[in-house]
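The values are calculated or read from the model by the stated rules, or taken from the named source; none is laboratory data. Bear in mind that the values here come from a model prediction, so they are computed numbers and not experimental data. We place every Cβ from the backbone using ideal geometry, glycine too, and count neighbours over all the protein chains shown.
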Amino acid sequence: MRLFRTIQLAFKSLLLHKLRSGLTMLGIVFGVFSVIAMLAIGEGASQQAQQQVLSLGATNIIIRSVKPPDDPAASQSSSGGRGGSVQRYGLTRADYKILEETIPNLTGSGLVPVRELNLEARRLGQVTSSRIVGCTADYLEMNHLAIAAGRFISDRDNFDMANTAVLAYGTAMSLFPIDNPIGQSIQIKGRAYRVVGVTQERTASAAVGGSLSGQDFNKDIYIPLSTLQSLLNSGDVFSRILPGSFSAESVIYNQITLQVSSIDVVERTAEVVRETLERTHDKKNDYDVVVPLELLRQAEQLRNIFNIVLGSVAGISLLVGGIGIMNIMLATVTERTREIGIRRALGARQRDIVNQFITETIALSGTGGLIGMAMGLSTPYVFAGGKWILKEFILDSSAAGSEMGKMFLGMEPVIAVWSLPVAFGFSVVTGLVFGVYPARAAAKLDPIEALRHT
Amino acid sequence: MKYAARLINLRKHYQLGDHEVQALRGVSLDIPEGDFLAIMGSSGSGKSTMLNLLGALDRPTSGQYLLRDRDVSEMTDDELSEARNSLIGFIFQSFNLIQQYTVLENIEVPLLYRSGTTSISAADRQKCLLLADRVGLTERLDHRPFQLSGGQQQRVAIARALVNDPTIILADEPTGNLDSATGEEIMRILTELHDEGRTIIMVTHEADVAANANRQIIMKDGVIASEGILPGNKRVRA
Ligand SMILES: Nc1ncnc2c1ncn2[C@@H]1O[C@H](COP(=O)(O)OP(=O)(O)OP(=O)(O)O)[C@@H](O)[C@H]1O
Ligand SMILES: [Mg+2]
């Protein structure tokens, strides 16, 4: 009851100078607001990163074939048949075999090799350029894809080198705008494939790490890996003739994905994979091991650094706000010297005066904190509004498509719940810290002199 | 006889650089309960200094001040505050109300600093309302000081001085800032309080204000120059 009354009376004193109190509060308001807003941006970014990484599979280890830098020594010539050079690089069947035999802790799905090609697919009058993914049955689960209709590529398909195809949602839409694709046939490089299934729509994952570019699963066509490999010239050679030369590339697998049994063994297993490949590839930089879990750790580390930087910025802004408050409270004490004398004459002890002024300072900073918190809560809406204005009125389509534009338009701030009490707590502490000195100055005034003050 | 306050050879010196101002140079005075004392004297004679000591706002340089048998010269700062709160009611020349508070809140201020009690009870509130009624401010409870006339402000101050039932009411030129008609009103209230048996000590320059008291002392150069009943005194105690 007493505390409530004290706070009520503190507000009465603050309301005596509304404008001044309001302006003083602004420092804290924006301090708290910026803390919450910036943490929300950081949190949003980190959640996005986490989702992307998790969509790659936290228990997965992804090995990608990478074209080595154009080093003539590295690109060994071999008989391409027509006198041109064939650049062989990347993951081989031997790699697959050795990984399959030596890597511990793998799940039932184990290893999923993938060969990708960008080719056109046709069906009656419709043509669409797609990523043809040669894969095995486990590909579906390992990439967190789901079937919308029909079924996925089966082990049987692979065994039979069957001409079956599963369309991603986007491909299905462009090749079969009106009719049901299941059971119909499509053409890829002159061969016909029977559509056995369609996968559900899925948002594209962003680029992760150096070698794993963003994947838009919606333009895929999945066929059995064995079928794809038989499609390739002489089994292995990718028949694309590189511009300006006769050289061709030979890649067996674009990617092998390993799934381990639990998160705990991911990093240990990844180490074994790296060592194994280092031995078999003999320092050739033609592959890259991407461990989503490590990326997750890196993202977390990045967020921690981000939080520390933001914390310092927030600390400085609250410090500035606090100094503003102290300044005003010192002026207030001088201005209210007589009031202090009156209170002392009526029986207030020094500590009552200290309490009064600290309560007033905290009421000021705490109110600022509350307002800042309310503003902080509106961050996602402010952002949504800002993005809308940018898109509608300011950025043209090319600017919106630029890296900066994409980065900003892609931001989805997520309010970190813990940041609310923390930011408010900081505002109160700021009031306390910067209120002590003025309050003590007030309490130390001599009652008689304070009363004489005009 | 019971004394509300006793001053025994009280001295108050101020050190101004290497120069010492002797504001009070040995004052002895007994103030029995129920007394109404007027302190007069020329400017600089030590009246306010004496009243500040009586009000426990300050400690004497030497000598003794017994307030209800307690020696004020020995008190700590907190004890002085407590004594001011419970034993003394102040009325100032310039009213000294708290500007941001209403009439009622101003009357309640001494209750905020009581020792032991943590909140203002319904009985306390009732008492404040009675005091406001007594000084004729029932209609003005929600007004702020700047909305009141000088006389009304001084009446708020009187109600405030009474709220903790003090032993002594101290008034430093209570009518100094008021016109004579309003001043007389204030003096009528003080006289009433005295008739109820309260002890009142008042500093004044004006003889006809001092004449309301039943005893007058005249200060000169930090000592009591003369004491007694002035000629033309309106109220001679039986
Ligand atoms: N804080 C102080 N420091 C130094 N000297 C002081 C202080 N307070 C009072 N004095 C001196 O003590 C003397 C008595 O002052 P006091 O205020 O008691 O006079 P007063 O009788 O109330 O005068 P007035 O009628 O003008 O109010 C004066 O000479 C004054 O200058
Ligand atoms: Mg004086």
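Yes or no: B:ASN96 closer than 21 Å to A:ARG338 by Cα and within 16 Å of ligand 2 (Cβ to nearest atom)? It is true that B:ASN96 is closer than 21 Å to A:ARG338 by Cα and within 16 Å of ligand 2 (Cβ to nearest atom). The set of residues from the stretch B:95-113 being within 22 Å of B:LEU51 (Cα to Cα) and either in contact with a strand residue (DSSP E or B) (Cβ under 8 Å, 6 or more places away or on another chain) or at the interface with another protein chain (Cβ under 9 Å from one of its Cβ atoms) (or both) comprises B:ASN96, B:LEU97, B:ILE98, B:VAL109, B:PRO110, B:TYR113. Scan the stretch B:130-147 and give yes if some residue there is away from every other protein chain (no Cβ under 13 Å), away from ligand 1 (no atom under 16 Å from the Cβ) and closer than 23 Å to B:LYS47 by Cα, otherwise no. Checked against the condition, which is being away from every other protein chain (no Cβ under 13 Å), away from ligand 1 (no atom under 16 Å from the Cβ) and closer than 23 Å to B:LYS47 by Cα, the stretch B:130-147 yields no hits at all. Only residues that are in a helix (DSSP H, G or I) and among the β-branched types (Val, Ile, Thr) were counted in the stretch A:408-447, giving 6.
Is it fair to say B:PHE36 is at positive phi, in contact (Cβ under 8 Å) with a residue 24 or more places away in the chain and more than 16 Å from ligand 1 (Cβ to nearest atom)?
Numbers: at positive phi: no; in contact (Cβ under 8 Å) with a residue 24 or more places away in the chain: yes; more than 16 Å from ligand 1 (Cβ to nearest atom): yes.
Taking the combined requirement at face value, the residue does not satisfy it.
When the residues of the stretch B:66-98 are filtered to those that are aliphatic (A, V, I, L, M) and part of a strand (DSSP E or B), which remaining residue is nearest to ligand 1 (Cβ to nearest atom)? Selected residue: B:ILE91.
Quick one: would you say B:LEU7 is touching a strand residue (DSSP E or B) at 6+ places or on another chain (Cβ under 9 Å), within 16 Å of ligand 1 (Cβ to nearest atom) and in contact (Cβ under 8 Å) with a residue 24 or more places away in the chain? Yes, satisfied.
Per-residue answers, yes or no, for (1) more than 45 Å from the chain's Cα centre (by Cα); (2) at pLDDT below 85:
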{"site": "A:LEU3", "(1), (2)": "yes, yes"}
{"site": "A:LYS12", "(1), (2)": "yes, no"}
{"site": "A:THR24", "(1), (2)": "no, no"}
{"site": "A:ILE28", "(1), (2)": "no, no"}
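Restricting attention to the stretch B:50-65, the residues being touching a residue at least 40 places away in the same chain (Cβ under 8 Å) and part of a helix (DSSP H, G or I) number 4.
Checking A:ILE325, A:ILE353 one by one, the residue that is out of contact with any Ser or Thr (no Cβ under 9 Å at 6 or more places or on another chain) and assigned by TED's automatic domain parsing to the domain that holds A:PRO421 is A:ILE353 and no other. Residue under question is A:GLY315, and the condition is that it be small (Gly, Ala, Ser), closer than 26 Å to A:GLY431 by Cα and out of contact with any helix residue (DSSP H, G or I) (no Cβ under 6 Å at 6 or more places or on another chain); does it hold? Yes: the conditions hold for A:GLY315.
For the stretch B:65-82, the set of residues classified as within 12 Å of chain A (Cβ to nearest Cβ) and surrounded by 20 or more Cβ atoms within 10 Å (Cβ to Cβ) consists of B:LEU80, B:SER81, listed by residue number.
Assess whether A:THR332 counts as being among the hydroxyl-bearing types (Ser, Thr, Tyr), within 14 Å of chain B (Cβ to nearest Cβ) and farther than 15 Å from A:GLY435 by Cβ.
In short, no.
Taken over the stretch B:18-35, residues that are surrounded by 15 or more Cβ atoms within 10 Å (Cβ to Cβ) and under 17 Å from B:ARG6 (Cβ atoms) amount to 8. Has the stretch A:416-437 got at least one residue that is in the same structural domain as A:GLY386 (by TED's automatic domain parsing) and in contact with a Lys or Arg (Cβ under 6 Å, 6 or more places away or on another chain)? No, the stretch A:416-437 has no match at all.
The condition (being more than 29 Å from A:VAL320 (Cβ to Cβ) and within 14 Å of chain B (Cβ to nearest Cβ)) is satisfied by just one residue among A:GLU449, A:GLU392: A:GLU449.
Quick one: how many residues across the stretch B:23-54 are within 16 Å of ligand 2 (Cβ to nearest atom) and away from chain A (no Cβ under 14 Å)? Reasoning before the result, please.
At the first step, the residues of the stretch B:23-54 found to be within 16 Å of ligand 2 (Cβ to nearest atom) are B:23-24, B:27, B:37-54.
Retained after the next criterion (residues that are away from chain A (no Cβ under 14 Å)): B:27, B:37-45.
So the answer is 10.
With respect to the conditions (1) in contact with a Phe, Trp or Tyr (Cβ under 6 Å, 6 or more places away or on another chain); (2) touching a residue at least 24 places away in the same chain (Cβ under 8 Å); (3) within 16 Å of ligand 1 (Cβ to nearest atom), B:VAL21 lacks only one, and its number is (2).
So that you can scan it fast, the table gives a plain yes or no per residue for (1) within 37 Å of the chain's Cα centre (by Cα); (2) assigned to a helix (DSSP H, G or I); (3) buried (at least 20 other Cβ atoms within 10 Å of the Cβ):
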{"site": "A:GLY315", "(1), (2), (3)": "yes, yes, no"}
{"site": "A:LEU319", "(1), (2), (3)": "yes, yes, no"}
{"site": "A:GLY322", "(1), (2), (3)": "yes, yes, yes"}
{"site": "A:ARG344", "(1), (2), (3)": "no, yes, yes"}
{"site": "A:ASN355", "(1), (2), (3)": "no, yes, no"}
{"site": "A:SER365", "(1), (2), (3)": "yes, yes, yes"}
{"site": "A:GLU392", "(1), (2), (3)": "yes, yes, no"}
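Can you tell me which residue within the stretch B:149-195, out of those that are within 16 Å of ligand 2 (Cβ to nearest atom) and acidic (Asp, Glu), is nearest to B:PRO110 (Cα to Cα)?
Initially, the stretch B:149-195 is screened for residues within 16 Å of ligand 2 (Cβ to nearest atom), giving B:170-177.
With acidic (Asp, Glu) added as a condition, the list becomes B:172-173.
Numbers: B:ASP172: 19, B:GLU173: 21 Å.
Checking each candidate, the answer is B:ASP172.
In the stretch B:168-222, the qualifying residues are those that are farther than 23 Å from B:LYS12 by Cβ and within 16 Å of ligand 1 (Cβ to nearest atom), and the one that is surrounded by the most Cβ atoms within 10 Å (Cβ to Cβ) is B:THR175.
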